[in-house]
Every structure is written in C-alpha cells, then in structure tokens.
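Trainee: Sharing a structure here in structure tokens format.
The values are calculated or read from the model by the stated rules, or taken from the named source; none is laboratory data. None of these values were measured; they are calculated from a predicted model. We place every Cβ from the backbone using ideal geometry, glycine too, and count neighbours over all the protein chains shown. What goes into the accessible areas is simple: the full protein's heavy atoms, side chains included, and nothing from ligands, DNA or RNA. Shrake-Rupley method; radii C 1.70, N 1.55, O 1.52, S 1.80 Å.
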Amino acid sequence: VGDAFVDILTPIGEEMPKFGGDILARSAIKQLSGGSSCNTASHLASLTKDLGWQVHLFTATGNDSWKRIFEEQSSRSGFILHATCLDDVQTGVCLVLTGTQDRGFVTYNGAMQRFGAQHLDLQQLSKNDHVHFGGLFNIPEFWLSLPGVIRQLKLLNPSLTVSLDTNYDASQIWRHEWLLPILDLVDVFLPNDDEALGISATDTVDQALNVLSRYAKLVIVTLGDKGAKAKLSDSEEITHVPSPKVNVVDACGAGDAFNSAFLKIWLANGKQKSKLSECLRYAVRGGAFAVTNL
C-alpha cells in the first residue's frame, strides 16, 4: 500500500546540472513505473512467481494517460493492481537523477497527495498474510489515519504482520509527532541509514537501531554498499550483514529490491526470529543485484 510515481529516469555522472548550464546523460532517458510501493510490489511479484503467491498493490493515479504505465507494469511483473483513479489531479511524477553511486529526486506528489485510508477496502486487505506500507512521507493522508488502519487490519486478521518504509522526508523534519504511534504498531521497519538517523535523532546507525527498536518489533537499516544492520526489540544484539562487491550501474531502487527480497524470505520462513541472519543475507544480495541492472 502506498506511493506510485511515473519515474523519469535520467542517468547522469557525478555532478548535478547547474542553472544556466547543461550536461549530457550517460545513457537513454527512460519513463518507468516507480515509487517505493510500486517498486516493492514489482520486485516481490517477480521473486515469488514460483511460490504461487498473490501480490497486490493499492495506490492511486490521476485520470490521465500515465496511469497506463502501472497497468503495463502490473502485467509484466504479475502483481494485482488496485489503483484508485482520481479526477482533477495528475498522476505523481518523479524526476530521478541517477549517478553511479547515488541519486537525487524532484517529485510532484499529484495523486499521492490525496490518496488515503478512504480508498482502501480493509476487509479485502486483511485477507493477506502481510501488508507493506511504502513511501509514507509521500502520502500525507495516511499520517494520522494509519494507526487506526493497522489496528483494524490486525483486529480482522490477528496473524497479519505489517512492514513500513517511510522513504526520504523532503521536509527534513523527520521526527514527526504522528510517526512514533505508527512505528509502535509495525512489525518490520525498513529505513535506510539517512532516514534512520533523521527519525531517531541520533548520530550513528547503532544508536538509531537502539532507539527505533523500542517501537517496531524488528528494525532493519540498509547501508548502501556496506550491507544492512538489524535489531529485534527483545534483543540487545545488532546483526550486520555486509554487501557483496558489485559493479554499480544504477543505485536507484536498491532499497525497494532489498525490501522485497527480505519480505519474500522472511515470510517464506514463517517470520522466524532465528532466521534473521539468513533473511538479511538474501536481502542484501537482492539489493546488490538490483544496482547492477537497470
């Protein structure tokens, strides 16, 4: 459940363009389906085809030609698309400037600004084993309503688990009053290192893990080419799995690929705490593979 954007993928070098100047793209500029939730659904559907799982994406688009991009991606990847079509608003669009090691974004939220809990069928959603919320900072209608949504889903299906990836906070506020009540209800929280430091108001990833695991049951922080660290709320141990060395082609979407790989193996292993290291190794490989492929 969450954000879906049309990504205008623009491969550049190590320098951002300057006003009044021009730079050449490293390769062809592409128009793709994107957004954290859409990417996660795409990866997860592709990874689990052999398991016979059904992956659903709940999101919103504008009533414009861009909504077809998500229908085409649904057909290619195999996820089931539930996209509320909103009138008088454009589909969300994100200009993605991708370097060889990192990326930057220019985002127009569009339909994401209005997508909210009123567009979800909670009875239908509760029939799933797991619900992942992605791109939370991009869907403001959920900021105050999400605790109620999660409580209702778990009331309807007590065995249902929930994961969350906030993505980057463009406001730079990070530690919003509405966020901690959401984390209190989350089973798996999946920020990257910058997001974890901002939300926890700490200086190191280990400190962030200690703070955030007071809320979410399991916190996993992705570290780019350094792999990932994780901590369970009922343990003092911090688990670190390094990333394999790969030739980075494009760093965009690595976190979503990591999330998908982790959720696949974690759910397939029955959400067992004892399998955490194994799940992290699988997820780190999934993220590393993603950056070698456009």
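Trainee: Just to be sure, is Val131 more than 20 Å from Ala196 (Cα to Cα), open to solvent by less than 20 Å² (accessible area, probe 1.4 Å) and part of a strand (DSSP E or B)?
Mentor: Yes: the conditions hold for Val131.
Trainee: Out of Asp203, Asp193, I need the residue that is touching a strand residue (DSSP E or B) at 6+ places or on another chain (Cβ under 7 Å), more than 22 Å from Thr161 (Cα to Cα) and either of a type outside the set (A, V, I, L, M, F, W, C) or without any contact (Cβ under 8 Å) to a residue 40 or more places away in the chain (or both). Which one?
Mentor: Asp193 is the lone residue from the list that is touching a strand residue (DSSP E or B) at 6+ places or on another chain (Cβ under 7 Å), more than 22 Å from Thr161 (Cα to Cα) and either of a type outside the set (A, V, I, L, M, F, W, C) or without any contact (Cβ under 8 Å) to a residue 40 or more places away in the chain (or both).
Trainee: Give me the residue from segment 226-258 that is of a type in the set (Lys, Arg) and modelled with pLDDT of 80 or more and, out of that set, farthest from Leu9 (Cα to Cα).
Mentor: Within segment 226-258, the match that is farthest from Leu9 (Cα to Cα) is Lys231.
Trainee: Taking segment 57-85 only, how many residues are open to solvent by 70 Å² or more (accessible area, probe 1.4 Å) and charged (D, E, K, R)?
Mentor: Here the count works out to 4.
Trainee: Does Val162 satisfy the condition of being more than 25 Å from His119 (Cβ to Cβ) and touching a Leu at 6+ places or on another chain (Cβ under 9 Å)?
Mentor: No; evaluated as a whole, the condition is false for this residue.
Trainee: Another question, if that's okay. Mind counting the residues in segment 187-197 that are among the charged types (D, E, K, R), open to solvent by less than 20 Å² (accessible area, probe 1.4 Å) and part of a helix (DSSP H, G or I)?
Mentor: The qualifying residues number 1.
Trainee: Could you grab the pairs with beta carbons closer than 9 Å, sequence gap of 6+ or different chains, first residue in segment 94-116 and closer than 20 Å to Phe58 by Cα and free of Cβ contacts under 8 Å to residues at least 40 places away in the same chain, second one of a type in the set (S, T, N, Q) and open to solvent by less than 90 Å² (accessible area, probe 1.4 Å)?
Mentor: From segment 94-116, the pairs are Tyr108/Gln90; Asn109/Asn138; Gln113/Asn138; Gly116/Ser145.
Trainee: Something else about it: Can you find a residue in segment 104-114 that is in a loop (DSSP other than H, G, I, E, B) and polar (S, T, N, Q)?
Mentor: Yes, the conditions are met somewhere in segment 104-114.
Trainee: Test Gln101 against the criterion of being closer than 30 Å to Gly148 by Cβ and of a type in the set (S, T, N, Q), and give yes or no.
Mentor: In short, no.
Trainee: Still on this model: Within segment 94-106, take every residue that is surrounded by fewer than 19 Cβ atoms within 10 Å (Cβ to Cβ) and either touching a helix residue (DSSP H, G or I) at 6+ places or on another chain (Cβ under 7 Å) or β-branched (Val, Ile, Thr) (or both) and give me the one that is farthest from Ser37 (Cα to Cα).
Mentor: Thr100
Trainee: Quick check on my filter: what residues within segment 40-54 are in contact with a strand residue (DSSP E or B) (Cβ under 9 Å, 6 or more places away or on another chain) and open to solvent by less than 20 Å² (accessible area, probe 1.4 Å)?
Mentor: Thr40, Ala41, Ser42, Ala45
Trainee: Further question: Kindly indicate whether Ile139 is open to solvent by less than 10 Å² (accessible area, probe 1.4 Å), under 18 Å from the mean Cα position of the chain (by Cα) and in contact (Cβ under 8 Å) with a residue 60 or more places away in the chain.
Mentor: yes
Trainee: Now a separate question. Note down all Cβ pairs under 7 Å where the first residue falls in segment 167-178 and is more than 18 Å from Leu223 (Cα to Cα), the second is part of a loop (DSSP other than H, G, I, E, B), and they're at least six residues apart or on different chains.
Mentor: From segment 167-178, the pairs are Arg175/Ala201; Trp178/Trp143; Trp178/Leu144.
Trainee: Restricting attention to segment 198-245, which residues are surrounded by 19 or more Cβ atoms within 10 Å (Cβ to Cβ), touching a helix residue (DSSP H, G or I) at 6+ places or on another chain (Cβ under 6 Å) and not in a strand (DSSP E or B)?
Mentor: Residues satisfying the conditions are Ser200, Val205, Ala208, Leu212, Tyr215, Ala216, Gly227, Ser243.
Trainee: Scan segment 176-186 and tell me whether some residue there is under 30 Å from Gln31 (Cβ atoms) and open to solvent by 10 Å² or more (accessible area, probe 1.4 Å).
Mentor: No; the residues of segment 176-186 include none that is under 30 Å from Gln31 (Cβ atoms) and open to solvent by 10 Å² or more (accessible area, probe 1.4 Å).
Trainee: So, one more: If we scan segment 240-261, do we find a residue that is touching a Ser or Thr at 6+ places or on another chain (Cβ under 6 Å), of a type in the set (D, E, K, R) and free of Cβ contacts under 8 Å to residues at least 40 places away in the same chain?
Mentor: No, because not a single residue in segment 240-261 is touching a Ser or Thr at 6+ places or on another chain (Cβ under 6 Å), of a type in the set (D, E, K, R) and free of Cβ contacts under 8 Å to residues at least 40 places away in the same chain.
Trainee: Next question, about the same structure. Pick from Thr84, Thr48, Thr40, Thr10: which is of a type in the set (Val, Ile, Thr) and in contact with a Gly (Cβ under 6 Å, 6 or more places away or on another chain)?
Mentor: Thr40
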